[in-house]
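Each reported figure results from applying straightforward, stated rules to the coordinates on display, with no laboratory input. This is a predicted model, so every value here is computed, not measured. Here the Cβ positions follow ideal geometry from the backbone for every residue, glycine too, while neighbour counts run over all protein chains shown.
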Amino acid sequence: MGKEVDVGALEAGGARDYSDPPPAPLVDVDELGKWSLYRAVIAEFVATLLFLYITVSTVIGYKHQTDASASGPDAACGGCLGAVCGVGLVKGFQSGLYARHGGGANEVGAGYSVGTGLAAEIVGTFVLVYTVFSATDSKRNARDSHVPVLAPLPIGFAVFMVHLATIPITGTGINPARSLGAAVIYNGDKAWSDQWIFWVGPFIGAAIAALYHQTILRASARGYGSFRSNA
């Protein structure tokens, strides 16, 4: 059963029954001596390795079935390295399909313009980041105890739907580490020439999602008023 919240007290500026996480510094030198930093890097490496292995294998399989003629900085580094290793596993295990379908590298598909590819990455990343923010919001977690438990479901479903929509257009980036890892292993000219799309698009989409979440959805939590009625 969800937790009860005194909405009137919240709207009147009363004490909140939830707390936002404190802002994290971009670089914290003190973390270099803590195991938690290296644990995070290892976790990011393993998670991205598995993510890229599954994603690139899916993209290759999708192309094979539908079109046989279709030609934090420390953790981010761990993610990029994991992406490279994950794609390397795909190349080693499925070398035939890997070479035939462009290594699952992100590039704008035939018949689509660069603008369309960029828009697909912006919208796809917006959908994913918006879903992550909504599913992990501290206010909702305080109000509804089931939200943290069910959060992986909408996030995973968002990733699935974005892949269905954008694989034909860009091969689905929505994660610069995914695009970089595939490009490094495949090393194709078009994969590199289109690489900027898979960095600019996700950053723009994520920024828009963050702005929307903070200024619209979380406005009442920061004293901007509420659309709820006291009646």
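Could you please rank D137, D28, D189, placing first whichever residue has the fewest other Cβ atoms within 10 Å of its Cβ? Don't skip to the end; give the middle numbers.
Working: D137 20, D28 12, D189 8.
Lowest to highest Cβ neighbour count: D189, D28, D137.
Add +1 for every Lys or Arg and -1 for every Asp or Glu among the other residues with Cβ under 15 Å from the Cβ of V184, and state the total. Can you show the working numbers first?
Details: positive: K91, R178, K190; negative: E107, D189, D194.
Computed value for this residue: 0.
Based on the Cβ-Cβ distance from V114 to A43, what FRET efficiency comes out when R0 is 41 Å, to the nearest 0.05?
Numbers: r = 35 Å, r/R0 = 0.85.
According to the calculation, E is roughly 0.75.
So for the pair W199, L217, with labels modelled 7 Å out along Cα→Cβ, what separation do we get in nm?
2.8
Considering only the other residues whose Cβ falls under 13 Å of the Cβ of V162, what net charge follows from Lys and Arg at +1 and Asp and Glu at -1? List each step's numbers first, then the result.
Values: positive: R178; negative: E121.
Residues near V162 contribute 0 overall.
Over segment 102-218, what relative contact order in percent results from Cα pairs under 8 Å that are six or more residues apart? Please list the in-between numbers first.
On the way: 146 pairs, mean separation 55.1, N = 117.
47 percent.
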